[in-house]
Amino acid sequence: MENLSALSEKLKHLIESKLWAKVLIAMCLGIGLGLVLNSLKDQLSVSLVATLANWLSFPGKLFMKLIQMIMIALIVSSILTGITGSSLEQLKNVGIKALFYFLITTIVSVAVGTLVAMLISPGKYMPVGFKGELLPSDTDKLPFNMATIPDMLLRIIPENPLQSMITGDMLSLVVFSVIIGVAILHLSPQIAQPVGKMLEAVQSICMNIVNGAMKIVPFAVLGIMASIIATTGTESIHGLALYVLAVLLGLFLLLIFYLLLVFVIGKINPISFLKKSKDAILLAFSTTSSAAAMPVSLNVAIVNFKIRKSLSNIIIPLGATINMDGTAMYQCISFIFLAQVYGLELGFLSLGISMITIVAASIGTPAVPGAGIIVLASVLQSSGIPTEGVMVIIGMERILGMFRSAINVTGDLTACVVLDKVLV
Ligand code: ASP
């Protein structure tokens, strides 16, 4: 709780500094500068263009380096603090069923996201010029049949977690963190407590670095937008607009799915569900964080929906930490968009593996602003899509972050309503 209020303080500060407004202004300036440079392209010498491009992309590259530096520690510590925040009994009684429910809704989200991204194919509208190389994973090399499934499953348990950290193998890292988390819950309180404190500290240290790096974002956005538009002209604006549209459409479909669950299983009118949830949803939207909205979500669940305290007290905090359907949707559509931008053909198997990785990645995404895109970088890395791809979409990150956080919180409240009916 102490940690949470410190986090809320930091978020308040970030909002007060109006990062989103700065990003929006930087994006407009970047597009303007890019258009000017593009019109001057023929008059400028090649070396001057190269020098300019290098300087323009410097803040973006600096941001990426800082984020990559803490990425793994942030993911691992976030999952571990999520699991060790509850007790073994809580985890056994309600937690396992809630985890199963969270997994199903995340899979639905990723499946819908894949469909939307494939149908709209926003990346195909981006100009050619980006190049990437899809990394064949070990699993890709296995022929897919009943005999090989056990081997495929075993591969997600890392023989050497350090190796997984170096190669950025997200799926293995999430599995590793979950196993260690459950093992920590089996420790005696005296031994478990300092471990929990240390994990919280690691997560806070990483978040301090992320908050520092966020200050560079307006400059990164300006430079990246300018260099993309300067080299490719207005063509990329079309592709980027379609990408934003695809993510918003995906999130809207997810909302419809939740309202259906609430209506059919929870027996609550969807409009009244939204009205009762609005405080939590709007807070998540404005702070871009489901962690910041968590105390209000808890209040909404207990007071507005009259859900049993014993249930809400586990589902809301656990959901805020690991149930991120909006984030999974965003990561899935961004992943497919960037694969298209880099001209990579995703086969059925590699798409399937990437989607499983995204389900795991959304679980490992901390509930704070900008976390979704940071974790996306490691998903890209594990699939061979250049992590610099993140720079192509960073300009739109803030606004999409607000929408996906609001959906994440709606998903947690839906889980409460549904599980309250199912687990009688
Ligand atoms: N900000 C999101 C949340 O708190 C996580 C994300 O960045 O996707 O729910």
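The values are calculated or read from the model by the stated rules, or taken from the named source; none is laboratory data. None of the values given here were measured: they were computed from a predicted structure. Cβ: placed from backbone, ideal geometry, glycine included. Neighbour counts: every protein chain shown. SASA here: full protein model, heavy atoms, side chains in, ligands and nucleic acids out. Shrake-Rupley method; radii C 1.70, N 1.55, O 1.52, S 1.80 Å.
One table, with the values for the structure above:
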read-out	value
Members of the stretch 326-337 that are among the aliphatic types (A, V, I, L, M) and over 14 Å from VAL375 (Cβ atoms)	ILE333, ILE336
Selection count, the stretch 316-349, where residues are within 22 Å of SER121 (Cβ to Cβ) and not in a helix (DSSP H, G or I)	6
Hits in the stretch 26-57 (condition: in contact (Cβ under 8 Å) with a residue 60 or more places away in the chain, loosely packed, with under 14 Cβ neighbours inside 10 Å and under 29 Å from the mean Cα position of the chain (by Cα))	TRP55
Selected residue (only one of ALA291, ALA241, ALA284 is within 30 Å of LEU40 (Cβ to Cβ) and within 24 Å of the chain's Cα centre (by Cα))	ALA241
Filter result for GLY411 (farther than 19 Å from VAL217 by Cα and open to solvent by less than 10 Å² (accessible area, probe 1.4 Å))	yes
Any hit, the stretch 135-144, residues being modelled with pLDDT of 75 or more and in a helix (DSSP H, G or I)	no
Enumeration of residues in the stretch 98-121 that are in a helix (DSSP H, G or I), farther than 14 Å from ILE322 by Cα and over 19 Å from the mean Cα position of the chain (by Cα)	MET118, LEU119, ILE120
Where a residue in the stretch 160-187 is farther than 16 Å from MET69 by Cα and in contact (Cβ under 8 Å) with a residue 12 or more places away in the chain and its partner, wherever it lies, is open to solvent by 30 Å² or more (accessible area, probe 1.4 Å) and not in a helix (DSSP H, G or I), with Cβ under 6 Å and at least six apart	LEU171/ILE156; SER172/ILE156; VAL175/ILE156; VAL175/ILE157
Residue within the stretch 260-275 that is buried (at least 17 other Cβ atoms within 10 Å of the Cβ), within 16 Å of the ligand (Cβ to nearest atom) and part of a helix (DSSP H, G or I) present	no
Hits in the stretch 323-355 (condition: away from the ligand (no atom under 11 Å from the Cβ) and buried (at least 24 other Cβ atoms within 10 Å of the Cβ))	CYS332, ILE333, PHE335, ILE336, PHE337, LEU338, ALA339, VAL341, SER354
Among (1) open to solvent by 20 Å² or more (accessible area, probe 1.4 Å); (2) more than 20 Å from ALA246 (Cα to Cα); (3) more than 11 Å from the chain's Cα centre (by Cα) - the single one ILE363 does not satisfy	(3)
Residue count for the stretch 287-315, restricted to those that are part of a helix (DSSP H, G or I), of a type outside the set (Ser, Thr, Tyr) and surrounded by fewer than 21 Cβ atoms within 10 Å (Cβ to Cβ)	9
Subset tally (residues that are within 13 Å of the ligand (Cβ to nearest atom) and either more than 19 Å from PRO218 (Cβ to Cβ) or modelled with pLDDT of 85 or more (or both)) for the stretch 356-392	17
Candidates GLY32, GLY60 - the one that is within 26 Å of PRO218 (Cα to Cα) and either touching a Gly at 6+ places or on another chain (Cβ under 9 Å) or among the β-branched types (Val, Ile, Thr) (or both)	GLY60
Test: residue in the stretch 393-405 that is outside any helix (DSSP H, G or I), near the ligand (Cβ under 10 Å from one of its atoms) and touching a Leu at 6+ places or on another chain (Cβ under 8 Å)	no
